[in-house]
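Here's the structure we're looking at; comments come further down.
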Amino acid sequence: MSHKRVTKRKVIIAAGGVAALGAAAILLPQANASQDGGSNNAAAVKTLKAGDASDLASQLAELLGDAFAGSYYDSEGQQLVVNVINVEGDDINIDGDENQVIVQAKKAGAKIRQVDNSTAELEAAAATLKKDATIPGTAWGVDPKTNKILVTADSTVTGTKWDQLESTVKTLGSGMATIQKSAGTLTTKVAGGDAIFGGGARCSLGFNVTAGDGSPAFLTAGHCGVAAEQWSDTEDGEPIATVDQATFPGDGDFALVKYDDPATVAASEVNLGDQTVQITEAAEATVGTQVFRMGSTTGLKDGQVLALDATVNYPEGTVTGLIQTDVCAEPGDSGGSLFTQEGQAIGLTSGGSGDCTVGGETFFQPVTTALEAVGATLGDGGLGAGDEVGGEEAGAGAVDENGDGIDDNTGEAIVGGGEEAGAGGDAVGGEEAGAGDQNNGQDNGQNNGQNNGQDNGQDNGQDAGGEKAGAGDQQGAGNEEQSGLEEGAQGTETH
C-alpha cells in the first residue's frame, strides 16, 4: 500500500497538564497518587489518576475475593471507590481494624463502601435477564455506583415487549435492577480514528496492533469485519487490509484486520485530524472514568463509563461483555477508538442509541478482551507506560506507606524503593513518573530506558518548540519542565 506523509502536531500530555484535543472535548488533568487529608474512612484514601485507579481496582478484586462487589472511579474526588459485602455473616467492620483484608484495601488507597448485592448475585440477575428478557432493543450492565443492574430499553420496546421486560426485572427482587428508557434505537454504528471502507460500508479504524505472527494489523468492530472481507482507507479505493478474524454477534464485537503490505508502518496512535495521541498500553475500563472516543463521522467526543460487562440485544443478535458509556456516536463511528487521557486503549465502538445531537448511550468492546482473543499486541508490541523501567519491572500498584521500600501488599521489594509507587509503577528510581513515565528527569516513553536524557533523535536540553516528538517525550537534563500541552510540527504516517 502507499503511505501518505502528513504534517501533524503531536499532542504531548504532560503530567498534571491540561491538553485540549479539539473543540469537542478537553482532556482534563489527573492528579498523581497522593494522600487525602479527609477523615474517617477517607483518611487513608489516595487521589489517583484514572489509569492508576483501574490498576488498583484489579488488584483489590483479587485481594478481596468474594467480598469484592465492583468498583468505580470518583472523577470529582479522583478516588477509587470499592464495594464490599458482608461475607458469610462476618462483620467486615469497615471503620475498625479487625478484618485485615479490608485494612489492606484501605491501606492501598481505596475508599471502601459496604453494599447489599454481591457480584455473584448481580451475575445471577443478568443471567435471568438473558434467559427471560433477550428482546431486541434492550441492554443491561452492572452499575457499581448503584450496586444494581442498569437495564436500558430503546424506543422499539413497547407493548408486550415492555411488559415482559418489566415483569422480568420485578422477579429479580427489590434493589437488584433499574430500568431506563432511551429515546433512540439500539443499533450498530456502521456507515476511533480514520475512516475505512468495505463492501459499501464505512467504519472507523480502532487501534493499530501487531498480530500474533508479527504482521501489522488493526482492530475494528466485529460487525464491520463480518460486513466485508477487504477494507480500503479511501472510498472506492484499492483494498489495503483483509479481515483475519471477526466476532459478532456473541461473545464480543471485534475484528482483527491485517494490512496487505507487510511493510506497513502501523503507528500506535489515534488520529484526531491535525493532531495525534500516542497510545501506550491497553487497560480495563473503570466505571466513572472520563473517556474519549474518536470516530470517522463525529470526530472526538468524551463522556464517562457507566457500566461494565454489558449485554446488548441488537437486531442482528446479542453481544455480551461490553462497556456502557454516555458518549455519543453515529453511523460510521463503528470500530473507532475509546481511550483515556493517559493514552490507554480502552475500547472499540460497537453501537448504541441516539446521536451526537440529542445524545444517547454507546457500547464499546473492551480492547483487552479483543487483544487476548485474537492474539495481538498494541502497536509494535513494545513497552507500555509503566511496564518496565531501566530493564527492571516496576510493580504496578506497589504501595509503600512507611517508605521502607517494601510493598505493603506483597512484602516484596519495590524498584525505586523508598518512594511511593502508585498503581502503574508511577514512582521509579526516586522520581515521580506520570503519564509519560519520567525517570530521573528523563522520559522513557515507548522507548523506555533508552533515551538517557536525550529526546529521541533530538538535541539534549532543547525545548519542544516544533522539534520534540512523541507522547510523553522526555524533558531531559537541562530542560525546563513543561506542564500541559506541548505541540511541535511532526511528520507522521497514516494509512
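Note on C356, C203, C224, C328: ascending count of other Cβ atoms within 10 Å places them as C356, C328, C224, C203, the fewest first. Exposure proxy for W162, W231: other Cβ atoms within 10 Å of each Cβ, ordered fewest to most, give W162, W231.
When the convex hull of its Cα atoms is viewed from all sides, region 187-378 shows a mean projected area of 9.3 nm². Over all other residues within a Cβ to Cβ distance under 10 Å of L122, the charged ones net out to -3, with Lys and Arg as +1 and Asp and Glu as -1. Counting beta carbons within 10 Å around each of S334, S215, S268, S353 and listing the fewest first gives the order S215, S268, S353, S334.
Bear in mind these aren't lab numbers, they're just calculated from the coordinates by the rules spelled out. For clarity, every value in this text was computed on a predicted model and none was experimentally measured. For neighbour counting, all protein chains shown are included, and Cβ atoms are generated from backbone atoms with ideal geometry for every residue, glycine included.
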